[in-house]
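Take a look at the structure below.
The values are calculated or read from the model by the stated rules, or taken from the named source; none is laboratory data. Because the structure is predicted, anything quoted here is derived from the model rather than measured. Cβ: placed from backbone, ideal geometry, glycine included. Neighbour counts: every protein chain shown. Each accessible area value is taken on the protein alone, full model and side chains, heavy atoms only, with ligands, DNA and RNA left out. Shrake-Rupley method; radii C 1.70, N 1.55, O 1.52, S 1.80 Å.
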Amino acid sequence: GGHACALLEKSKPSGLLLGIDQDPTAIRLSAERLNPFEGRFFLRQDNFCNFDKRMEELGWHFIDGIIFDLGVSSMQVESPERGFSFLKEGPLDMRFNPKNSISAFDILNTWEEEEIARILWENGEEPHARQIAAAICQKRPLKTTLDLAQIATAAYQGHLPKRIHPATKTFQAIRMEVNQELQSLHKALEKSPKKLKAGGRLAVISFHSLEDRLVKQFIRRESQDCICPPQQPICTCQHKATLVNLTKHAIRPSAAEINNNPRARSARLRAAEKRI
């Protein structure tokens, strides 16, 4: 609820906020933190790509701003029973919403080797995707997060990456598949310009290159009238720009921010404004 708290503080006395998260624990903790702003916030447990439906329930047609804070939270990583951490032993879960049907356990123990290799490469850009997928299938059944972390680490054969844990990309890829994160982001971005007031702003905080690339491409597309191929002499797309790009380059955290919160080091912020 950190961003929500700041937004409510800045929009006093009458600003309203709709907060959406799939995780029921996040909803409960946020409600406690936002208690001083009682009457000015509405929290809903849902996928953020459904924000338009939650707006309709409140009778909101257009809003002044949208912020998408993507990825996994520190609270989730630090709870071993949620299965997000490769440093702490826990069940192979990784679901933002515990009621979702597919967990990491299901993917790792039932999916075909080729499918696992595909998501490791597409979602995690893991260079050893094929070796890791093969090892996963050979060592089934996998039961804990440490089982998966050991397989991912072994694939590097002692040549470990310098900046990140060798299991980072594997865990990221599986988590993103479990929660359909890129698909949700795509849907949410497409809906955003339609729900913003003229002059309203969209801000997206991402934590890895796949998300940031998707946001960058979306803002670039929606900031120009014609999106026809460059070699096409006459425009036939009839596309009209809906946004103004406010961040030519992604905004990164300062050294002070990283020192205060090391997990912020990979954060990237991009923003756009609804055309008037």
- [ ] Would you tally the net charge around G199, using a Cβ to Cβ cut-off of less than 13 Å, leaving G199 out, and scoring K and R as +1, D and E as -1?
- [x] +2
- [ ] For the pairs K169/K240; K88/K162; K99/K274; K99/K195, note any where the Cα-Cα span goes beyond 26 Å.
- [x] K169/K240; K99/K274; K99/K195
Open item on the list: Tell me the mean residue ellipticity at 222 nm calculated for the chain from its helices only (DSSP H runs of n ≥ 4, each -39500 (n - 2.57), averaged over every residue, nearest 500).
Closed with: -12500 deg cm²/dmol
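For the chain, take the alpha-carbon Rg, divide it by the Kirkwood Rh, and send me Rg/Rh. Please report the intermediate quantities before stating the final value.
Values: Rg = 20.4 Å, Rh = 20.5 Å.
Taking Rh as the inverse mean 1/r over Cα pairs, Rg/Rh reads 0.99.
When DSSP assigns beta bridges and you keep just the ones with both residues in the chain, what percent turn out antiparallel, to the nearest 5? Could the numbers behind the result be given before it?
Details: 11 of 22 bridges.
The answer is about 50 percent antiparallel.
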Task: Long-range amide H partners of E126 with built H, under 5 Å - done: W121
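Give me Rg/Rg_expected for segment 138-276, where Rg uses Cα atoms only and Rg_expected = 2.2 N^0.38 Å with N residues. Mind dumping the intermediate values first?
Details: Rg = 19.7 Å, N = 139, 2.2 N^0.38 = 14.3 Å.
Here the answer is 1.37, to two decimals.
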Open item on the list: Which of L182, L160, L246 ends up with the largest GNM mean-square fluctuation for the chain, with Cα atoms connected below 10 Å?
Closed with: L160
Task: Heavy-atom accessible area ranking, 1.4 Å probe, most first, across H3, H249 - done: H249, H3
TODO: For segment 34-117, just list the percent of Cα-Cα distances falling in each 5 Å bin from zero outward, please.
DONE: 3, 11, 15, 17, 16, 14, 11, 7, 5, 1, 0
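Please state the shape class of segment 12-75: rounded when a/c is under 1.5, otherwise prolate if a/b exceeds b/c and oblate if not, all from the C-alpha gyration tensor.
Working: a/c = 1.73, a/b = 1.14, b/c = 1.51.
Oblate shape, in that a/c is at least 1.5 and b/c is the bigger or equal ratio.
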Open item on the list: Given 10 °C and 1.306 mPa s, compute D for segment 84-196 with the Stokes-Einstein relation, Rh being the Kirkwood radius over Cα pairs; round to the nearest whole µm²/s.
Closed with: 109
- [ ] Count the net charge of all other residues whose Cβ sits under 9 Å from the Cβ of R270, scoring Lys and Arg as +1 and Asp and Glu as -1.
- [x] +1
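Quick one: net charge around E114, please, counting Lys, Arg +1 and Asp, Glu -1 for every other residue with C-beta under 13 Å from its C-beta.
Values: positive: R118, R130; negative: E112, E113, E115, E122.
Net charge around E114: -2.
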Open item on the list: For segment 149-221 and segment 225-271, what is the centre-to-centre distance using only Cα atoms, to the nearest Å?
Closed with: 14
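Highest mean first, how do 96-108, 26-38, 76-88, 203-215 rank when packing is the count of other Cβ atoms within 10 Å averaged over residues? Present the calculation step by step, with values, prior to reporting the outcome.
On the way: 96-108: 16.3, 26-38: 13.9, 76-88: 17.8, 203-215: 19.5.
Result, highest mean Cβ count within 10 Å first: 203-215, 76-88, 96-108, 26-38.
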TODO: Take each uninterrupted DSSP H stretch in the chain, measure its Cα extent along the helix axis, and return the ones at 15 Å or beyond whose mean Kyte-Doolittle hydropathy is at least -0.5.
DONE: 168-179
Task: Length released on extending from I234 to A256, taking residue separation times 0.36 nm less the Cα-Cα span - done: 3.0 nm
Open item on the list: Can you compute the modelled spin-label distance between R265 and F62, with each label point 7 Å from Cα toward Cβ, in nm?
Closed with: 4.3
TODO: In debye, nearest 20, what is the charge dipole magnitude of the chain about its Cα centre with +1 on Lys and Arg Cβ and -1 on Asp and Glu Cβ, if you could check?
DONE: 880
Task: Cα lying deepest toward the dipole's positive end in the chain, options P98, I174, L202, charges on Cβ - done: L202
